[in-house]
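Student: Quick one: the structure is below, and I'll ask about it shortly.
The values are calculated or read from the model by the stated rules, or taken from the named source; none is laboratory data. Please read these numbers as outputs of a predicted model, since none were measured by experiment. Reconstructed Cβ throughout: ideal geometry from the backbone, glycine too, with neighbour counts over all protein chains shown.
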């Protein structure tokens, strides 16, 4: 590849609203040792994208190219890579939080942050999965170790992480209760949830008891009230590590446990997710797709906080079958 070749990417030079996102041309990166260069076909978006766009979080001040989720084709491999060769279709999550950059035509990634894309799904579907599915898998399976027959409460069950968590918990044999607005109840039941609670009209903390696991996607007061729903010895896994001061003490006082979780790049987890996809046990619901040059519109929709499932940016043609 020509060392002076450039690619399109979506960057920003200041923090702010969707309007700060601009298409730029950057040099195509080269894969280092243990890395692969991926020609990105589609890039999934997550709430952490719009938060990092607007606030000085893990990445600090711009300029930077956002995007953690990707699905595409291996263009080149770096020294020592044995898992892939040029032409392989792969999907995965760039190492969170500092390995961003999938909102571009090409990106380098650690080889073991990726997995072979299942042939049964297109790049849009594959790109919608990694960060959200890994979060759900690491929370429910790796951290909580959910088992058949256990009772699990999943907050925001129609959201990006939530709707995948429902499917993963059901595949593990759990009894799943989800919270969602009334208009999304049929969607959540269609994912396999056994019960759905309308958080606008019903106090979930009074409606459910004796839970083994709570997946907290909300933080704040919802997180604290969720402790009351757990059986003695139960576990709350919080996906909002911010504002967790006093959480361990509150959990101990309630006779339960609480663990904040931040998603990690995970080759074994990605292979487990790929296996679920191949067995038709896991599928992302994609509310909308946007071409790369309309990424700002995707962020504006994400800012509303009412996305069902996921949003995906299509980068190269042939993102879908």
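Student: Exactly one of these conditions fails for residue 115: (1) part of a loop (DSSP other than H, G, I, E, B); (2) farther than 30 Å from residue 234 by Cα. Give me its number.
Tutor: Residue 115 satisfies every listed condition except (1).
Student: Moving on to the next point. Can you tell me which residues in region 271-280 are surrounded by fewer than 16 Cβ atoms within 10 Å (Cβ to Cβ) and either under 24 Å from residue 66 (Cα atoms) or touching a strand residue (DSSP E or B) at 6+ places or on another chain (Cβ under 8 Å) (or both)? Reasoning before the result, please.
Tutor: First pass over region 271-280, keeping only residues surrounded by fewer than 16 Cβ atoms within 10 Å (Cβ to Cβ): 271, 275, 278-280.
Matches in region 271-280: 271 only.
Student: While we're here: So which of 276, 311, 292 ends up being farther than 23 Å from residue 120 by Cα and touching a residue at least 24 places away in the same chain (Cβ under 8 Å)?
Tutor: Details: 276 fails: farther than 23 Å from residue 120 by Cα; 311 fails: farther than 23 Å from residue 120 by Cα.
Going through 276, 311, 292 in turn, just one is farther than 23 Å from residue 120 by Cα and touching a residue at least 24 places away in the same chain (Cβ under 8 Å): 292.
Student: With at pLDDT 95 or above and in contact with a strand residue (DSSP E or B) (Cβ under 8 Å, 6 or more places away or on another chain) as the only criterion, which of 125, 167, 138 stands out?
Tutor: Values: 167 fails: in contact with a strand residue (DSSP E or B) (Cβ under 8 Å, 6 or more places away or on another chain); 138 fails: in contact with a strand residue (DSSP E or B) (Cβ under 8 Å, 6 or more places away or on another chain).
Checking each option against the conditions leaves just 125.
Student: OK, next. Would you confirm, using the coordinates I've provided, whether residue 164 is touching a helix residue (DSSP H, G or I) at 6+ places or on another chain (Cβ under 7 Å), assigned to a helix (DSSP H, G or I) and closer than 21 Å to residue 289 by Cα? I'd like the intermediate steps shown before the answer.
Tutor: On the way: touching a helix residue (DSSP H, G or I) at 6+ places or on another chain (Cβ under 7 Å): yes; assigned to a helix (DSSP H, G or I): yes; closer than 21 Å to residue 289 by Cα: yes.
Yes, satisfied.
Student: Give the residues of region 38-56 that are touching a strand residue (DSSP E or B) at 6+ places or on another chain (Cβ under 6 Å) and either surrounded by 22 or more Cβ atoms within 10 Å (Cβ to Cβ) or modelled with pLDDT under 95 (or both), sorted by residue number. Let's see the steps before the verdict.
Tutor: Applying the first criterion (touching a strand residue (DSSP E or B) at 6+ places or on another chain (Cβ under 6 Å)) to region 38-56 yields 38-45.
Matches in region 38-56: 38, 40, 41, 42, 43, 44, 45.
Student: Among the listed residues 59, 79, identify the single one that is in a loop (DSSP other than H, G, I, E, B) and in contact with a helix residue (DSSP H, G or I) (Cβ under 6 Å, 6 or more places away or on another chain). Before you say what the answer is, go through the steps one by one.
Tutor: Details: 79 fails: in contact with a helix residue (DSSP H, G or I) (Cβ under 6 Å, 6 or more places away or on another chain).
Of 59, 79, the one residue that is in a loop (DSSP other than H, G, I, E, B) and in contact with a helix residue (DSSP H, G or I) (Cβ under 6 Å, 6 or more places away or on another chain) is 59.
Student: Then there is this: Yes or no: residue 306 surrounded by fewer than 17 Cβ atoms within 10 Å (Cβ to Cβ), out of contact with any helix residue (DSSP H, G or I) (no Cβ under 9 Å at 6 or more places or on another chain) and part of a loop (DSSP other than H, G, I, E, B)? Outline the logic, then answer.
Tutor: Numbers: surrounded by fewer than 17 Cβ atoms within 10 Å (Cβ to Cβ): yes; out of contact with any helix residue (DSSP H, G or I) (no Cβ under 9 Å at 6 or more places or on another chain): yes; part of a loop (DSSP other than H, G, I, E, B): yes.
For residue 306, the condition - surrounded by fewer than 17 Cβ atoms within 10 Å (Cβ to Cβ), out of contact with any helix residue (DSSP H, G or I) (no Cβ under 9 Å at 6 or more places or on another chain) and part of a loop (DSSP other than H, G, I, E, B) - is met.
Student: Scan region 181-204 for residues that are outside any loop (DSSP other than H, G, I, E, B) and either within 18 Å of the chain's Cα centre (by Cα) or at pLDDT below 95 (or both) and report the count.
Tutor: From region 181-204, those outside any loop (DSSP other than H, G, I, E, B) are 182-190, 195-198, 204; that's our starting set.
Those still in the list that are either within 18 Å of the chain's Cα centre (by Cα) or at pLDDT below 95 (or both) too: 188.
Of the residues in that region, 1 qualify.
Student: Please find, among 126, 139, 133, 157, the residue that is buried (at least 23 other Cβ atoms within 10 Å of the Cβ) and not in a helix (DSSP H, G or I).
Tutor: On the way: 126 fails: not in a helix (DSSP H, G or I); 139 fails: not in a helix (DSSP H, G or I); 133 fails: not in a helix (DSSP H, G or I).
Matching residue, one of 126, 139, 133, 157: 157.
Student: For region 93-105, check the following and say yes or no: at least one residue is in contact (Cβ under 8 Å) with a residue 40 or more places away in the chain, within 20 Å of the chain's Cα centre (by Cα) and not in a loop (DSSP other than H, G, I, E, B). Please lay out each step first, then the result.
Tutor: Keep residues of region 93-105 that are in contact (Cβ under 8 Å) with a residue 40 or more places away in the chain, which gives 93-105.
Adding the requirement that they be within 20 Å of the chain's Cα centre (by Cα) leaves 93-104.
If we keep only those that are not in a loop (DSSP other than H, G, I, E, B) as well, we get 93, 104.
Yes, region 93-105 contains a residue that is in contact (Cβ under 8 Å) with a residue 40 or more places away in the chain, within 20 Å of the chain's Cα centre (by Cα) and not in a loop (DSSP other than H, G, I, E, B).
Student: Suppose the filter is outside the structural domain of residue 219 (by TED's automatic domain parsing) and buried (at least 18 other Cβ atoms within 10 Å of the Cβ); does residue 300 pass it? Even if it seems obvious, please write down each step before you answer.
Tutor: Working: outside the structural domain of residue 219 (by TED's automatic domain parsing): yes; buried (at least 18 other Cβ atoms within 10 Å of the Cβ): no.
Considered against the rule, which asks whether it is outside the structural domain of residue 219 (by TED's automatic domain parsing) and buried (at least 18 other Cβ atoms within 10 Å of the Cβ), residue 300 comes out as no.
Student: Checking the condition over 17 Å from the mean Cα position of the chain (by Cα), in the same structural domain as residue 161 (by TED's automatic domain parsing) and at pLDDT 95 or above, which residue from 255, 246 passes?
Tutor: Details: 246 fails: at pLDDT 95 or above.
Just one listed residue meets the conditions, 255.
Student: Scan 283, 225 and give me the residue that is assigned to a helix (DSSP H, G or I), in contact with a helix residue (DSSP H, G or I) (Cβ under 9 Å, 6 or more places away or on another chain) and surrounded by fewer than 22 Cβ atoms within 10 Å (Cβ to Cβ). Quick ask: steps written out before the conclusion?
Tutor: Values: 283 fails: assigned to a helix (DSSP H, G or I).
The conditions single out 225.
Student: Would a scan of region 13-31 turn up a residue that is touching a residue at least 12 places away in the same chain (Cβ under 8 Å), under 24 Å from residue 269 (Cβ atoms) and surrounded by fewer than 17 Cβ atoms within 10 Å (Cβ to Cβ)?
Tutor: Step one: list which residues in region 13-31 are touching a residue at least 12 places away in the same chain (Cβ under 8 Å), which gives 13-31.
Subsequent filtering for residues that are under 24 Å from residue 269 (Cβ atoms) retains 31.
Among the residues that remain, those that are also surrounded by fewer than 17 Cβ atoms within 10 Å (Cβ to Cβ) are: none.
No - not one qualifying residue is present in region 13-31.
Student: Turning to a different aspect of this structure: Would region 145-158 turn up any residue that is closer than 20 Å to residue 279 by Cα and within 12 Å of the chain's Cα centre (by Cα)? Steps first, please.
Tutor: First, pick out the residues of region 145-158 that are closer than 20 Å to residue 279 by Cα: 146-148.
Then drop every residue that is not within 12 Å of the chain's Cα centre (by Cα), which leaves none.
No.
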